[in-house]
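Structure record follows, encoded as structure tokens.
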Amino acid sequence: MNEQEEKPHFYGRRSGRRLRKAKAALMENFLPQVKLDPQNPLSFPIEHSKVYLEIGFGDGDHLAGHSAKHRDICYIGAEVFKNGIANLLSLITGIKQNDEVTDDIKLLPERTDNVRIWDDDIRLLFPLIKDNSIDRVFLLFPDPWPKKRHEARRFINPGNLKILARILKPGGVLRVATDHIIYKIWTLRQLHESPDFRWTAACGKDWKFEPSDWEPTKYQRKAIREGRRPVFLDFVRK
Ligand SMILES: C[S@@+](CC[C@H](N)C(=O)[O-])C[C@H]1O[C@@H](n2cnc3c(N)ncnc32)[C@H](O)[C@@H]1O
């Protein structure tokens, strides 16, 4: 599949429970301030050394945590699930769902303005991203679509890998985390067959444990609670 071809859905729901007042206000009043500008997807309000892209950030824990610790890096976060986007906004503003909200919402004072949100299917953004412009891509606990008949829905596939290879700088890194054995094997096979990427792991400890700059995610916590062991796979763009 290339950027133009027919696209199967990779994601499930786009919205869940009705948002409480504070989160609805964040979506209405604050999201426009941090929404990515599709005319200028790589323009950020601060000087930066690198650009990282997180695809399917879910509740935003990894994105909020990583971007708080790396203030000289700018981040694009893509997510279709409205409740997840509202949760990320809550994390970066410090506004909780039962808080009273005014119109004048601001980032937490200790944060820098280094996150831009794409609140739609990442595949619609890909054609707008220039070649060799992204330093890292995070794809953390993507929906595994384990059934054989749903293979076409798996995000890791030859078409998407070609696109990720195009937008990543040489030496850039694609990080995939998963807790699903089928998705792990699938990912390793797809990446092994790709001429554009090389798996960086030299031994088990390089993929069985959290990387040093890791931030925990909701799906990672769920996997551990349910007795599954996540793996962390880094692939470098050749
Ligand atoms: C299983 S969840 C994992 C969420 C998060 N990364 C975590 O580890 O907790 C996968 C997420 O990817 C999002 N997603 C799936 N396909 C997407 C796409 N094409 N564009 C943007 N987001 C997508 C879904 O909405 C969902 O929130």
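The values are calculated or read from the model by the stated rules, or taken from the named source; none is laboratory data. Quick caveat: nothing in here was measured; it's all calculated off a predicted structure. Cβ sites come from the backbone with ideal geometry, for glycine too, and all protein chains shown count toward neighbours.
Remarks
- Total residues in region 8-42, condition under 26 Å from Gly159 (Cβ atoms) and within 16 Å of the ligand (Cβ to nearest atom): 10
- Subset of region 108-120 (residues that are crowded, with 17+ Cβ neighbours inside 10 Å and under 17 Å from the mean Cα position of the chain (by Cα)): Asn114, Val115, Arg116, Ile117, Trp118, Asp119
- Of all residues in region 126-137, those being over 18 Å from the mean Cα position of the chain (by Cα) and assigned to a helix (DSSP H, G or I) number 0.
- Qualifying positions in region 43-57 - in contact with a strand residue (DSSP E or B) (Cβ under 6 Å, 6 or more places away or on another chain) and either within 16 Å of the ligand (Cβ to nearest atom) or on the phi > 0 side of the Ramachandran plot (or both): Tyr52, Leu53, Glu54, Ile55, Phe57
- Flag for Trp207 being more than 28 Å from Pro41 (Cβ to Cβ) and among the hydrophobic types (A, V, I, L, M, F, W, C): yes
- Of the helices (runs of 4 or more DSSP H) that lie entirely inside region 1-105, those containing 3 or more residues that are among the polar types (S, T, N, Q) span 82-93.
- Residue match in region 212-233 (condition: over 17 Å from the mean Cα position of the chain (by Cα) and farther than 21 Å from Ile182 by Cβ): yes
- Failed condition for Gln190, given (1) away from the ligand (no atom under 16 Å from the Cβ); (2) over 15 Å from Leu139 (Cβ atoms); (3) part of a helix (DSSP H, G or I): (2)
- Filter result for Leu128 (in contact with a Pro (Cβ under 7 Å, 6 or more places away or on another chain) and farther than 26 Å from Thr178 by Cα): yes
- Of the residues making up region 61-96, those that are over 19 Å from Pro32 (Cα atoms), more than 10 Å from the ligand (Cβ to nearest atom) and touching a Ser or Thr at 6+ places or on another chain (Cβ under 7 Å) are Arg71, Asp72, Ile73.
- Applying a threshold of 9 Å to beta carbon distances and a minimum spacing of six or more residues, or different chains, the list of pairs starting in region 203-220 at a residue that is at positive phi and assigned to a helix (DSSP H, G or I) and ending at one that is modelled with pLDDT of 95 or more and surrounded by fewer than 14 Cβ atoms within 10 Å (Cβ to Cβ) is empty.
- Screening the candidates Ile76, Ile85, Ile92 for the property of being without any contact (Cβ under 8 Å) to a residue 60 or more places away in the chain, crowded, with 22+ Cβ neighbours inside 10 Å, under 22 Å from Leu168 (Cα atoms) and out of contact with any His (no Cβ under 6 Å at 6 or more places or on another chain) yields one hit, Ile76.
- Test: residue in region 138-148 that is surrounded by fewer than 19 Cβ atoms within 10 Å (Cβ to Cβ), assigned to a helix (DSSP H, G or I) and either of a type outside the set (Ser, Thr, Tyr) or without any contact (Cβ under 8 Å) to a residue 60 or more places away in the chain (or both): yes
- Among the residues here, Trp199 qualifies as more than 16 Å from the ligand (Cβ to nearest atom) and within 20 Å of the chain's Cα centre (by Cα).
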